[in-house]
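*Asks:* Handing you this structure, nothing more for now.
The values are calculated or read from the model by the stated rules, or taken from the named source; none is laboratory data. Quantities reported herein were computed from a predicted structural model and do not represent experimental measurements. Cβ: placed from backbone, ideal geometry, glycine included. Neighbour counts: every protein chain shown.
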Amino acid sequence: MSQAAGVKTPSLKLAKQVSGGANFAINIFFWIYTFLCVFPLIVVVIASFTDENTILINGYSLFPEKWSLGAYDFLLKDWQAIVKSYGFSILLTVLGTLISLAMMALYAFPISRKDYPYRNFFSFFMFFTILFSGGLVPFYLVYTQGLHLQNTLFVLMMPYFISGFFVLLIRTFFSNSIPKELYESAKIDGAGEWRIFFTVVLPLSMPVLATVGLFTTLNYWNDWFLSLLFITDPESVVSIQYRMYKTLLDIQYLSANAAAYSALAANNPNFTMPGETARMAMAVVGIGPIIFAYPFFQRYFVEGLTVGAVKG
């Protein structure tokens, strides 16, 4: 038997330190914590399939007395519009995230280099945008009166292209996690700055790019405010979140306006307007695809952490 076989690795030593009762307690703690995180989502899903009157009488329950698809029937009456909004939101999220990551990484790369003479100026320029903003009115006027981007896909992507915090986060990762010797060796081999960026920096930066990409994806998918500001044509680009927001406003209007609700009920005798269940169903419809975003980025977390590691 070789001597190397008897050498205990740090991971084995750590496993022995937390074995037994401590390991069991840690697992129980995280199982409980995970359940507490997932439990509200379970309640929302169950409530969306619960009868409206049952919720009004008995409240929310994991085992409702009466199940119903009324909330989804109400939302899916105009299913063509919802499918269209889903496709638009997916396109907006994927395309916007890719462009945003490319622009922020390209901005962060030069200001992370100590040999770049203007790094302090451009770093302060980006930091300044975190502290101060022009305000909502100039923001609106620039995109509508200056750039004339109203009712376009680009107006919903452009405001999220650059985030000062994310740029500085990527710059810090480039500065602290990528050895300068890699730049020097790449230059000795004849690589230019573009080749260094794409073949050296990006493969080693998957952890920070995946983290920023995940938050950028959430920003694009969950945004409805930009649509409220810039989309005036209901037949143009409408995201799923904004469509759900408009549906919620319609429900609130009918609930507060007895005359409008009576007129609607007179034309549709079998119509019952869901309230709480509709809100839960909108949450389920809106959150659907984004649940799969984190597992996608998680794969890059693991790959990025192992890139460049010393293999035994």
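*Asks:* Quick check on my filter: what residues within the stretch 144-181 are more than 30 Å from Tyr242 (Cα to Cα) and either in contact with a Leu (Cβ under 8 Å, 6 or more places away or on another chain) or among the aromatic types (Phe, Trp, Tyr) (or both)?
*Replies:* Ile170, Phe173, Phe174, Ser177, Ile178
*Asks:* Right, something else. Which residue, of Ser85, Ser61, Ser19, is at pLDDT 80 or above, in a loop (DSSP other than H, G, I, E, B) and hydroxyl-bearing (Ser, Thr, Tyr)?
*Replies:* Ser61
*Asks:* Continuing with the same structure: Could you check the stretch 146-158 and list, in sequence order, the residues that are out of contact with any helix residue (DSSP H, G or I) (no Cβ under 6 Å at 6 or more places or on another chain) and in contact (Cβ under 8 Å) with a residue 60 or more places away in the chain?
*Replies:* Asn151, Thr152, Leu153
*Asks:* Select, from Tyr253, Tyr261, Tyr294, the only residue that is modelled with pLDDT of 65 or more, more than 14 Å from Leu214 (Cβ to Cβ), part of a helix (DSSP H, G or I) and of a type in the set (Phe, Trp, Tyr).
*Replies:* Tyr253
*Asks:* Just checking, which of Ser123, Ser100, Ser85 is surrounded by 13 or more Cβ atoms within 10 Å (Cβ to Cβ), of a type in the set (Ser, Thr, Tyr), within 17 Å of Leu168 (Cα to Cα) and under 23 Å from the mean Cα position of the chain (by Cα)?
*Replies:* The conditions single out Ser100.
*Asks:* Related question: Suppose we filter the stretch 196-216 for residues that are modelled with pLDDT of 90 or more and either touching a strand residue (DSSP E or B) at 6+ places or on another chain (Cβ under 9 Å) or closer than 24 Å to Ala283 by Cβ (or both); how many remain?
*Replies:* The number of residues fulfilling the criteria is 1.
*Asks:* Going by what's in this entry, would Ser112 be described as more than 22 Å from Val201 (Cα to Cα) and surrounded by 13 or more Cβ atoms within 10 Å (Cβ to Cβ)?
*Replies:* Spelling it out, it is not the case that Ser112 is more than 22 Å from Val201 (Cα to Cα) and surrounded by 13 or more Cβ atoms within 10 Å (Cβ to Cβ).
*Asks:* Which ranges mark the helices (runs of 4 or more DSSP H) fully within the stretch 98-172 that have 2 or more residues being over 16 Å from Asn219 (Cβ atoms) and of a type outside the set (Phe, Trp, Tyr)?
*Replies:* Details: elements: 119-131, 136-141, 153-157.
Result: 119-131, 136-141.
*Asks:* When the stretch 168-209 is examined, which residues are found to be polar (S, T, N, Q) and within 29 Å of the chain's Cα centre (by Cα)?
*Replies:* Thr172, Ser175, Asn176, Ser177, Thr199, Ser205, listed by residue number.
*Asks:* On to the next question. Tell me, please, whether a residue that is closer than 23 Å to Pro295 by Cβ and either outside any helix (DSSP H, G or I) or assigned by TED's automatic domain parsing to the domain that holds Met126 (or both) can be found in the stretch 226-233. Break it down stepwise before answering.
*Replies:* Going through the stretch 226-233, the residues closer than 23 Å to Pro295 by Cβ turn out to be none.
Scanning the stretch 226-233, I find no residue that is closer than 23 Å to Pro295 by Cβ and either outside any helix (DSSP H, G or I) or assigned by TED's automatic domain parsing to the domain that holds Met126 (or both), so the answer is no.
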